[in-house]
1. Do you know which residues across the stretch A:72-95 are under 10 Å from the mean Cα position of the chain (by Cα) and of a type in the set (A, V, I, L, M, F, W, C)?
2. Exactly one condition in (1) within 14 Å of another protein chain (Cβ to nearest Cβ); (2) within 21 Å of A:F122 (Cβ to Cβ); (3) out of contact with any Pro (no Cβ under 8 Å at 6 or more places or on another chain) is false for B:V86; which is it?
3. On the given criteria, is A:L103 assigned to a helix (DSSP H, G or I) and in contact with an Asp or Glu (Cβ under 7 Å, 6 or more places away or on another chain)?
4. Among the residues of the stretch B:42-58, are any surrounded by fewer than 18 Cβ atoms within 10 Å (Cβ to Cβ), among the acidic types (D, E) and over 16 Å from the mean Cα position of the chain (by Cα)?
5. Are any of the residues in the stretch A:96-110 under 30 Å from B:A57 (Cβ atoms) and under 27 Å from the mean Cα position of the chain (by Cα)?
6. (1) in contact with a helix residue (DSSP H, G or I) (Cβ under 8 Å, 6 or more places away or on another chain); (2) among the aliphatic types (A, V, I, L, M); (3) within 14 Å of chain A (Cβ to nearest Cβ): which one isn't true of B:M114, the others all being true?
7. Exactly one condition in (1) hydrophobic (A, V, I, L, M, F, W, C); (2) in contact (Cβ under 8 Å) with a residue 12 or more places away in the chain; (3) within 14 Å of chain B (Cβ to nearest Cβ) is not met by A:F52; state its number.
8. So for the stretch B:92-109 (the condition being out of contact with any helix residue (DSSP H, G or I) (no Cβ under 7 Å at 6 or more places or on another chain), away from chain A (no Cβ under 11 Å), of a type outside the set (G, A, S) and without any contact (Cβ under 8 Å) to a residue 24 or more places away in the chain), does at least one residue qualify?
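The values are calculated or read from the model by the stated rules, or taken from the named source; none is laboratory data. Everything numeric here is computed off the predicted structure, so don't read it as measured data. As a convention, Cβ positions derive from the backbone with ideal geometry for all residues, glycine included, and neighbour counts pool all protein chains shown.
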Amino acid sequence: MILHDLFDWSNAGVGGVGLLLTIAAIVQATGAKRAAREARQAVYHRNAADSFSEIVRLAEQFATWVECERRAEAVVQVREIVLRLARDRGEFDRFLASDADKLKDVESNCQRLADMLGQEEFPLSSSAKRDLFRDTLMIVQELSAVLGRVRAKGDQEE
Amino acid sequence: MSEKLDQFARDLLEKTRANKLDWRIMANPMGREEFSVDLEKEYRFHIWLVVSGENRAITLQLWKDQRPVLESVANNWPGISNGEIVQERVKRFRAYSDLFDAVRESVYGGEETMGEVEQLLRRIG
């Protein structure tokens with residue numbers, strides 16, 4: 001009788017320890033999963049920031065070629081921006097939120113300038129030049145603002 | 001390259017935009033676009049643009065007593081130093097190009113002139 005009780009108690013004890021270990025393992029696994037998700041998210045943010053930083057660099061170079069009135073170099077640079085924007089907008093779409101639409105506008109502005117510079121000589125009239133300088137500056141400003149927001153969002157979530 | 005002429009270029013731009021200088025076109029057998037303006041005491045500025053494909057060079061020259069005394073050229077090749085574009089040269093070209101545009105506009109008239117001519121031609125039918 002006493003032996004039977006001892007068996008019951010030890011079985012219950014083993015069961016309880018097993019349950020505790022299982023709970024501990026689940027908690028640990030959940031934490032590890034969250035840590036992995038956060039690390040993945042951080043890498044994603046970093047990649048987005050790096051990609052947009054590169055696009056801003058291209059846009060600044062484009063602005064320099066425009067200021068130097070070098071049409072051929074400006075066309076190559078602005079076409080590169082159009083291609084990069086299309087790719088990165090697709091890749092980081094869920095992270096960009098309302099900036100995705102803004103980038104779409106910037107992309108179509110870049111496309112318009114690429115078409116214009118691709119077909120014509122560098123504009124000679126000062127008013128056409130002023131328009132081109134204004135549009136180019138606007139593109140650099142918009143892209144820099146998006147980059148700033150992407151970085152701020154990444155910092156907030158880290 | 002003359003820093004003094006760079007400073008003069010900025011002053012000339014300001015005065016040209018304010019219509020305070022009477023620039024005139026120069027007949028030029030070399031096919032370049034050239035303008036000049038007379039100041040008092042026999043001083044005169046010349047500015048001209050040479051275009052060759054994508055390359056543009058703008059020369060500003062100061063004359064005294066019928067001969068050139070100072071000359072400065074800005075071209076649109078920005079130059080690279082340590083993999084970076086030399087922004088100083090870009091700024092300099094912009095200053096000269098803006099001056100040249102302002103001079104050309106003051107001689108030929110800007111958008112207003114073009115608009116007026118368009119209207120006149122339309123009226124002729």
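1. A:F92, A:F95
2. (3)
3. Details: assigned to a helix (DSSP H, G or I): yes; in contact with an Asp or Glu (Cβ under 7 Å, 6 or more places away or on another chain): no.
Against the criterion (assigned to a helix (DSSP H, G or I) and in contact with an Asp or Glu (Cβ under 7 Å, 6 or more places away or on another chain)), A:L103 does not qualify.
4. yes
5. Step one: of the stretch A:96-110, the residues under 30 Å from B:A57 (Cβ atoms) are A:110.
Checking which are under 27 Å from the mean Cα position of the chain (by Cα) leaves us with A:110.
The answer is yes; a qualifying residue exists.
6. Status for B:M114: all satisfied but (1).
7. All conditions are met except number (3).
8. At the first step, the residues of the stretch B:92-109 found to be out of contact with any helix residue (DSSP H, G or I) (no Cβ under 7 Å at 6 or more places or on another chain) are B:93, B:97, B:100, B:104, B:107-109.
Keeping just the survivors that are away from chain A (no Cβ under 11 Å) gives B:107, B:109.
Narrowing the set further to residues that are of a type outside the set (G, A, S) leaves B:107.
Still in the running and without any contact (Cβ under 8 Å) to a residue 24 or more places away in the chain: none.
Checking the stretch B:92-109: not a single residue is out of contact with any helix residue (DSSP H, G or I) (no Cβ under 7 Å at 6 or more places or on another chain), away from chain A (no Cβ under 11 Å), of a type outside the set (G, A, S) and without any contact (Cβ under 8 Å) to a residue 24 or more places away in the chain.
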